[in-house]
Each structure stands twice: as structure tokens, then as C-alpha cells.
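S.K.: Got a structure here, written out as C-alpha cells. Questions coming.
Derivation of every value follows stated rules applied to the coordinates shown; laboratory data play no part. Remember, it's a predicted structure, so these values are computed and weren't measured experimentally. No Cβ is skipped: glycine too gets one built from the backbone with ideal geometry, and neighbour counts run over all protein chains shown.
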Amino acid sequence: MAHELNSIMLYIHPLLAVLGHVLVFASLYPSLCRKTGKLGRAIPLISWLFVLSGLVSGMVWAQLAWGAYWSWDPKETATLLLFAGVSAHAHLFYRSHGNPASRKAILVLSALNCTLALAAVLVTWLAEGLHSYT
């Protein structure tokens, strides 16, 4: 089986993954502000879409390169945890309807997701795996 690391996915997956991680931090804005406008209200959904797109494009690339969609690499696992956190944040954000108790939970989830995004980046240098640069 030929390894397809130099496929078109080299240009698609990293871009989607990085944008997803950056947008996780952008989701702090609507979590902190009461009035955000249409763009602010859309940021959690856009963040969720890009994190999901990064995961799916990575799975497609992994299938092309190694013949398996998933390998439980530390970076893959950290990003899966990030996706779960971003999903919970988006769900609560759109279902809270301004409830003060929900606002606190939304802010906590948003801060947790920023921590998970940092962890997903740092694991690249701290753990051995397909995504390691050590």
C-alpha cells in the first residue's frame, strides 16, 4: 500500500484543523458578552463545524495514508475530546436562552475548550505518535 502523505489532504486537513482550534478561542467572545449580534451568535456553530471538519478530513487522510481512519494517536484523541467539549458548549449555548445559571456553565465550558485546544496542540510536542514532531 502506498503512503499518501503528499496528497491534496496535506493542504485541506491542517487548514481546517488550525481554523477549528482558533475558532474555539473565538467562542469565548459570545460566552462573555450578553449582546453579540448575528456573527457572535454564529461563532460556536462555526467553531463546531471547523473542529468536526478537521477531524473528518484527518480521518480521510489517515485512510489514504495508512489504511485506517483512526489510530488513537494522542493528537487524535485530544482533538476528539475537544470536539466533545465544543459540541457540549454549542448545545448549551443555543439552548440556554439567557438563563444566568446556564451563562456560568457556558463560560466554564468555553474556558475548558480553550484548555483542551491548547492541550491538543501541546500534545504534538509532548507525546509520541503519528502527529509528533519530537
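S.K.: Give the calculated FRET efficiency between TYR94 and SER7 to the nearest 0.05, with a Förster radius of 25 Å applied to their Cβ-Cβ distance.
M.R.: Values: r = 36 Å, r/R0 = 1.42.
Computed FRET efficiency for TYR94 and SER7 comes out at 0.10.
S.K.: If contacts are Cα pairs under 8 angstrom and at least 6 residues apart, what is the relative contact order of the chain in percent? Don't skip to the answer; put the middle values down first.
M.R.: Values: 157 pairs, mean separation 37.5, N = 134.
Computed over the chain, the figure is 28 percent.
S.K.: Which is the longest part of the chain that has none of the chymotrypsin sites (Phe, Trp or Tyr not before Pro) sitting in a DSSP loop with at most 11 other Cβ atoms within 10 Å?
M.R.: Numbers: sites that count: TRP72, TYR133.
With chymotrypsin sites (Phe, Trp or Tyr not before Pro) excluded where exposed in loops, the chain gives 1-71 as its longest stretch.
S.K.: Okay, next question. As a test of the formula, what do you get for the chain when each DSSP H run with n ≥ 4 contributes -39,500 (n - 2.57) and the sum is divided by the residue count, at 222 nm and rounded to the nearest 500 deg cm²/dmol? Each step should come with its number before you reach the end.
M.R.: Details: 5 runs with 102 residues, N = 134.
Using -39500 (n - 2.57) per qualifying helix, the result is -26500 deg cm²/dmol.
S.K.: Shifting gears a bit: Given points 7 Å out from each Cα along the Cα-Cβ axis, report the LEU126 to ALA105 separation in nanometres with one decimal.
M.R.: Label at LEU126, label at ALA105, 2.8 nm between them.
S.K.: Going out from 0 in 5 Å bins, what whole percent of all Cα-Cα distances in the range 9-126 drops into each bin?
M.R.: All Cα pairs, binned at 5 Å, distribute as 2, 13, 22, 23, 17, 11, 7, 4, 1, 0 percent.
S.K.: Next question, about the same structure. At PHE25 and LEU64, where each label point lies 7 Å from the Cα along Cα→Cβ, what is the point-to-point distance in nanometres?
M.R.: 2.8
S.K.: In addition: Please return the longest range in the chain lying between exposed loop sites, taking trypsin sites (Lys or Arg not before Pro), DSSP loop only, at most 15 other beta-carbon atoms within 10 Å, and leaving the sites out.
M.R.: Maximal segment without exposed cleavage sites: 36-134.
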